[in-house]
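K.L.:
To start, I am sharing the structure in question, which I have written as structure tokens.
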Amino acid sequence: MAKLYFRYGAMGSSKTANAIMVRYNYLERGGRVLMLKPRLDTRDGERMVRSRSGLSAPCAYVEELEGMDVRGYDCVIVDEAQFLTRAQVLKLVEIVDEAEVPVICYGLRADFRGELFEGSACLLAWADTIEEIKTVCWCGKKATCNARVQDGRVVKEGEQILLGGNEAYVSLCRRHWKAGQLGPGEEAHEAD
């Protein structure tokens, strides 16, 4: 029986690397995999997903799903699923329920302000299986917050979507996110 999976984690938790490895495992067994990402994710170039560790894989865009017949695939994998719209998540639900193709989504749960993304909120509501991919804060505790960093300080206001990687975001535990503390010995300060 096919399921909709939502695998979420903070920045730097190897979500994309995990997605690429799942794709590889299916391909290694002779499976057909459809790898997708939202069109607005342009960081790795067009039609490509790339992990911080250097793994990469070709992909199509979620926005192209309407014109595709997915019944021939053994699995659909979606990277950067936090950027999905409600309608796109419901299309993935339809793929699972009607085409009986498993769909595995990888993404952030919450933004740099601690608020759910539209895609993540919908996936939390509709996914059959929800799994956390863990990473750690500089202090060694589990990192659950995505801190946006600007001029060496944690910022908590601004547009929800600002594409970036290690240069713009760092994963922190809730305590250090709230304090705006980016490392040991650094004075706690919450940015405006």
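K.L.:
Using only the Cα atoms, what convex hull volume per residue in Å³ does the range 1-152 have? Write down the numbers at each step before the final one.
P.N.:
On the way: hull volume 18.6 nm³, N = 152.
Expressed per residue, the convex hull around the Cα atoms of the range 1-152 is 122 Å³.
K.L.:
Next up: What spacing in nm lies between the two simple spin-label points modelled at ALA179 and TRP138, each 7 Å away from Cα in the Cβ direction?
P.N.:
In this crude label model, ALA179 to TRP138 measures out at 1.1 nm.
K.L.:
On to the next question. Give me the percent of Cα-Cα pairs in the range 30-100 that sit more than 15 Å apart, rounded to a whole number.
P.N.:
Working: 1323 of 2485 pairs.
Counting every Cα pair in the range 30-100, those more than 15 Å apart make up 53 percent.
K.L.:
For the peptides 120-128, 58-66, what is the packing order when you average, over each peptide's residues, the other Cβ atoms within 10 Å and list the highest mean first? List each step's numbers first, then the result.
P.N.:
Numbers: 120-128: 18.9, 58-66: 15.8.
Order by mean packing, descending: 120-128, 58-66.
K.L.:
What are the extents of the Cα atoms of the range 71-136 along their three principal axes, in Å, largest first?
P.N.:
39, 25, 17
K.L.:
How much net charge surrounds ASP44 when only the other residues with a Cβ under 11 Å from the Cβ of ASP44 are counted, with Lys and Arg +1 and Asp and Glu -1? Walk me through the numbers before you get to the answer.
P.N.:
Values: positive: LYS37, ARG43, ARG47, ARG50, ARG52; negative: ASP41, GLU46, ASP79, GLU80.
Charge balance in the 11 Å sphere: +1.
K.L.:
Calculate, for the chain, the solvent-accessible area per residue in square angstrom, rolling a 1.4 angstrom probe over the heavy atoms of the protein chains. Before the final figure, lay out the partial values.
P.N.:
Numbers: 9820 Å² over 192 residues.
Per residue, the chain has 51 Å² of solvent-accessible surface.
K.L.:
Could you pull out every whole DSSP H run in the chain that spans at least 18 Å of Cα extent along its own axis and averages -0.5 or higher on the Kyte-Doolittle scale? Walk me through the numbers on the way to the answer.
P.N.:
Numbers: long enough: 15-28 (20 Å, -0.30).
Taking the DSSP H segments of the chain (at least 18 Å long, mean hydropathy at least -0.5), we get 15-28.
K.L.:
On to the next question. Below 8 Å between Cα atoms, with a sequence gap of 6+, how large is the relative contact order for the range 51-140 in percent? Each step should come with its number before you reach the end.
P.N.:
Values: 84 pairs, mean separation 25.0, N = 90.
Once normalised by length, the contact order is 28 percent.
K.L.:
Report for the range 1-146 the percent antiparallel among DSSP-assigned beta bridges with both residues inside it, nearest 5. Walk me through the numbers before you get to the answer.
P.N.:
Working: 5 of 23 bridges.
If I count the DSSP bridges inside the range 1-146, around 20 percent turn out antiparallel.
K.L.:
Mind listing the long-range amide H neighbours of GLU131? Cut-off is under 5 Å, sequence gap 5 or more, other chains count too, H placed in the peptide plane at 1.01 Å from N.
P.N.:
Those lying under 5 Å, H to H, from GLU131 are PHE6, ARG7, TYR8.
The values are calculated or read from the model by the stated rules, or taken from the named source; none is laboratory data. Bear in mind the structure is a predicted one, so any value in this text is a computation, not a measurement. Backbone-built Cβ (ideal geometry, glycine too); neighbour counts: all protein chains shown. When the accessible area is computed, the model is the full protein with side chains, heavy atoms only, and any ligands, DNA or RNA have been set aside. Shrake-Rupley method; radii C 1.70, N 1.55, O 1.52, S 1.80 Å.
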